[in-house]
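Accompanying notes for the structure given below.
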Amino acid sequence: MIRACPACESGNHVAILTLAALPVSIHVPSASREEAIDVDRDTLELVKCRDCGLLFNQAFSAELVRYAPGYENALNHSATYRAFANRQATELVEDFGVRRRDVVEIGCGNGFFLDAVCAHGNNRGYGIDPSAPDSRNSTTAPDFGEYSIATGTWEDWGTPADAGLVCCRHVLEHVEAPSALLARLSAITGEAGLIYVEVPNARAMLLGGVPWDCIYEHVSYFDADSLQRLVTRCGLGIVRLDTRFREQYLCAVVGGGGPVPQSESDQQGGEVGLEHGFALSCREAMARWTRTLDDLRRGGLDVVLWGAGSKGMVFLNLVDGPGSVSRAVDLNPSKHGKFVPGTGHPIVSPESLCERPPDVVIVSNPAYVDEISRQLADLGLSPSLLRL
Ligand SMILES: [Zn+2]
């Protein structure tokens, strides 16, 4: 359990939302229904630091979470996501002149983003990820335009480098000591090099008023203010900070430090604003969806969920105890034939829907609704669509 704020170490916080018995590793699909039901669970206690404004899971226990081969969070099987990530990579190269430089990505997953940065800017890429299979490890240095991946965590990256760009996407929110991670990223970055940080946008989560983005693996839930305060506290500076992907992601380009503006360093971020009423709104959303799924089941309709990512899998865990949803569809072939941790819903391919056409498809992330509609039409299917 974390007792102090991961960003500022204050012990002064206020309770926001508690969710009991969440699977602790939602991104590790289970091999069988029995294994899925039997996964480790823990309580998520979302609190807000009254000093720096960071939202974090006070009940987080790092030893419960496993990052190893089998951890599956690749999103690049979706054309929508590929377009977004390619655009981000291209912009970083173009806007900041990252060409023929060494580029490091901490938590690079399957290397999709690193590949795009290297290919577009003729850069030389080095990725590290604890879930990378040993087969991806290479003993030879990559050429410009190429990349290599090592198995390990950010703490295993011991050698300071002279990287022109260090990328760290959807990692900062997973670690207990985000300041230490930022310091390591800064050490890897060369003179005038930049750090690209991408995290889920807590403001969008709070505005949405639904709990599907509360996943146990996330220690911290940053918004623009709390991320900026953390960066500043680490002696670094924000070069650019904006929201992307329908405001679901917070994207920051971070550079070397500068003088800390007095107003910023003194600013308090701990007022409870958007968080007020979040727990009530989440409980209402869960009750509403429980009723909806119950009605669909009573009506004899076959309901599937499209998107066995974090939103979809948390949704199933929070509202589909009775099993009103028959299966979860995902584009990632390595999830097919496996089961949703915590609930045991089977994860299937889109093509398999043709064998038993569903009556209703619940779209777990509205960012993909156009792509899913096209894929269903291509399969000759026309179910009703509901959006989370
Ligand atoms: Zn704090």
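Post the alpha-carbon centroid distance, segment 331-376 to segment 147-221, in whole angstrom. Going from one Cα centre to the other spans 29 Å. Averaging Cα coordinates gives a centre for segment 99-125 and one for segment 15-37; these two points are 32 Å apart. Using a Gaussian network model of the chain in which every pair of alpha carbons under 10 angstrom is joined by a spring, one finds that among Tyr81, Tyr126, Tyr221 the greatest mean-square fluctuation is at Tyr81.
Per-residue SASA remark: Val272, around 60 Å² accessible (1.4 Å probe; ligands, DNA and RNA not included). Between Gly237, Gly11, Gly53, which gets the highest mean-square fluctuation from a Gaussian network model of the chain, Cα cutoff 10 Å? In the Gaussian network model the winner is Gly11. Measuring nothing but how far apart in sequence close Cα pairs (under 8 Å, 6+ apart) lie, relative to its length, segment 79-258 scores a relative contact order of 17 percent.
Considering only the other residues whose Cβ falls under 11 Å of the Cβ of Leu181, what net charge follows from Lys and Arg at +1 and Asp and Glu at -1? Within the 11 Å Cβ shell, the charges total -2. Between 0 and 90 degrees, the angle of helix 79-96 with respect to the longest Cα principal axis of the chain falls at about 10 degrees. Contact order, relative form, for the chain: 17 percent (alpha carbon pairs under 8 Å, 6 or more residues apart, mean separation divided by residue count). Residue farthest toward the positive end of the dipole of segment 29-116, with Cβ of Lys/Arg at +1 and Asp/Glu at -1: which of Phe96, His77, Gly107? It is Phe96, whose Cα lies furthest towards the positive end. Among the GluC sites (Glu not before Pro) in segment 271-332, those located in a DSSP loop and surrounded by at most 15 other Cβ atoms within 10 Å of their own Cβ are Glu271. With the charge dipole of the chain set up from +1 on Lys and Arg Cβ and -1 on Asp and Glu Cβ about the Cα centre, the Cα lying farthest toward the positive end among the listed residues Ser131, Ser352, Leu236 is that of Ser352. Along the chain, the exposed loop sites are trypsin sites (Lys or Arg not before Pro) outside DSSP states H, G, I, E and B with at most 14 other Cβ atoms within 10 Å, and the longest stretch free of them is 101-245.
For the chain, the Cys residues with no second cysteine's beta carbon closer than 4.7 Å are Cys108, Cys118, Cys167, Cys168, Cys214, Cys234, Cys251, Cys282, Cys354. When +1 charges are put on Lys and Arg Cβ atoms and -1 charges on Asp and Glu Cβ atoms, the dipole computed for the chain relative to its Cα centre reaches about 520 debye. In units of the compact-protein estimate 2.2 N^0.38 Å, segment 79-258 shows a Cα radius of gyration of 0.98.
In angstrom, the C-alpha Rg and Dmax of the chain are 20.9, 64.
Shape class of segment 294-387 from the Cα gyration tensor (axes a ≥ b ≥ c, square roots of the eigenvalues): rounded, since a/c falls below 1.5.
Within the shell defined by Cβ-Cβ distances under 13 Å, the residues around Asn57 carry a net charge of -4, with Lys and Arg each +1 and Asp and Glu each -1. Compute the long axis of helix 310-319 from its Cα atoms, compare it with the longest principal axis of the Cα atoms of the chain, and write down the angle in degrees, 0 to 90, nearest 10. Helix 310-319 sits at roughly 40 degrees to that axis.
Helical content of the chain, expressed as a calculated mean residue ellipticity at 222 nm, amounts to -8500 deg cm²/dmol (DSSP H runs of 4 or more residues, -39,500 (n - 2.57) each, divided by residue number, nearest 500). Its alpha carbons considered, segment 13-59 gives a radius of gyration followed by a Dmax of 14.0, 44 Å.
The relative contact order of segment 53-180 comes to 24 percent, based on Cα pairs under 8 Å that sit 6 or more residues apart.
If you sort Tyr147, Tyr216 by accessible surface, 1.4 Å probe, largest first, the order is Tyr147, Tyr216. Taken along its three principal axes, the alpha carbon spread of segment 1-106 comes to 46, 44, 24 Å, from the longest extent down to the shortest. The angle between the Cα long axis of helix 112-121 and the main principal axis of the chain comes to about 40°, on a 0 to 90 degree scale. Divided by 2.2 N^0.38 Å, where N counts the residues, the Cα radius of gyration of segment 20-167 comes to 1.23.
The values are calculated or read from the model by the stated rules, or taken from the named source; none is laboratory data. These figures come from a predicted structure and were not determined experimentally. All Cβ positions, even for glycine, are placed from backbone atoms using ideal geometry, and neighbour counts span all protein chains on display. Heavy atoms of the whole protein, side chains included, go into the accessibility calculation; ligands, DNA and RNA do not. Shrake-Rupley method; radii C 1.70, N 1.55, O 1.52, S 1.80 Å.
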